[in-house]
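Below is one structure; the comments refer to it alone.
Each reported figure results from applying straightforward, stated rules to the coordinates on display, with no laboratory input. Fair warning: this is a prediction, and the values are worked out from it, not measured in the lab. Positions of Cβ are generated from backbone atoms using ideal geometry, with glycine treated the same way; all protein chains shown enter the neighbour counts.
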Amino acid sequence: MGVLLLIWVAAAATEPPEVRFDRLVRQVRDGSIDREAARDALRSIVAQAADASRERCPADDAGGRWIFPIAGYGPSDIGGRKGNGYKPGSFDFFEGNRHRGHPAHDIFIRDRDQDGLDDATRLPVPVVSVSMGIVVSLEQTWEPGSPLRGGRYVCVLDAETGRLYYYAHLQKVAVDLGACVTAGSVLGTVGRTGASANPRRSPTHLHFMALEVCDGLPLPWNPWKELRAARRLPAPAAPAEAAATTPPGP
C-alpha cells in the first residue's frame, strides 16, 4: 500500500497545476477533503499555477486595466445600490457548496422571458475575463436538479495579483482548463444554471466573485471599485447573414 501511495503522489506531482486545482475545488465542494489538507494543497498549487501562467501566457498588454465582465453591459447593471449586494458575511471557502455569505456582485442582463438571450439583440450575452490569467477550474456539465449552486462556471487565476476570479451561472463555457486568457477573452455566455439561479424567481445574472489567496486561505476581496472603472465592450451584433435575410421594410 505504501508503494502504491508513493506512485500515486509521484503521478499527481507531474499533472499540470490547473488539473490539480480543479480536482481540489471539487473535493472541497463535495466535502471529501478536510480543511487543513485542503489549505496545505491549495497553498502549493496556487503558487505552481501562477508560475505556469507566467511561463505559458503572454504578458498583460492592457496595463492591468479591467474589462467589464459582460459585453454590452456596465456598472449600472450590478445588483443592489452602490455595491451593497456584496456581503461577505462569514464566507468560508472550505465549506464548499455549503458556504455562507455572498462575497460577490450579481450582474443582471435584460432577459424578461428568461431564455438567456438579450431582449434587444436576441443573442447570447458574452461573459469575458476581467483580466489576464489562466483557467484553473470550470464546470461544463450542470443539469437541472443538481445541488451545485454555481451551475456552470469558470475560475481564472490572475498570476500578477494572485487573485481568483469566479464567473458562475453560465449557460455555456467557451474555454478549456489551462487556457490562457487576456482581459476581454470570452469565457462563456450568461445563463441560468445553478441551484440558486435556475428557479423562475431569480432574474438572469452573472455571479462574479473575487478571492485573494493568503497563505493558502482564499479570502473575499471586493472588486466594486475595479468594476466601476472597467472598460466596457460593445454588445455582439447580429450575424451579417441573418441581417441579409430580413425582409426590407416598406
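Once backbone amide H atoms are built at 1.01 Å from N, residue 101 has 90 as its partners under 5 Å, excluding neighbours fewer than 5 places away on the same chain.
Between 193, 182, 141, the Gaussian network model of the chain with springs among Cα atoms under 10 angstrom shows the greatest mean-square fluctuation at 141.
Protection proxy ranking, highest mean first, for peptides 89-99, 119-129: 119-129, 89-99, where packing is the per-residue count of other beta-carbon atoms within 10 Å, averaged. Close amide-amide hydrogen proximity is noted between residue 235 and 72, each under 5 Å apart and 5 or more residues distant or on a separate chain (H modeled in the peptide plane; Pro and chain starts excluded). Applying a length cut-off of 15 Å (Cα extent along the axis) and a mean Kyte-Doolittle floor of -0.5 to the DSSP H helices of the chain leaves 2-13. The dipole here belongs to the range 15-236: it is taken about the Cα centre, uses +1 on the Cβ of Lys and Arg and -1 on the Cβ of Asp and Glu, and is about 800 debye.
Applied to the range 133-144, the Karplus parametrisation 6.51 cos²θ - 1.76 cosθ + 1.60 on θ = phi - 60° returns per-residue 3J(HN,Hα) values of x, 10, 6, 10, 7, 7, 9, 10, 10, 4, 9, x Hz, with x for Gly and Pro. Less than 5 angstrom separates the built amide H of residue 194 from those of 151, 152, all sequence-distant by 5 or more or on a different chain.
The distance linking the range 46-106 with the range 119-196 is 11 Å (Cα centroid to Cα centroid, whole angstrom). With volume of the Cα convex hull per residue in Å³ in mind, check (i) 209; (ii) 131; (iii) 159 and report the label derived from this structure. Looking at volume of the Cα convex hull per residue in Å³ for this model, the match is (iii).
Coupling constants for the range 120-132 follow from the phi torsions by the Karplus curve (6.51 cos²θ - 1.76 cosθ + 1.60, θ = phi - 60°), and in residue order they are 7, 8, 6, 10, x, 9, x, 9, 10, 6, 6, 8, 6 Hz; glycine and proline get x.
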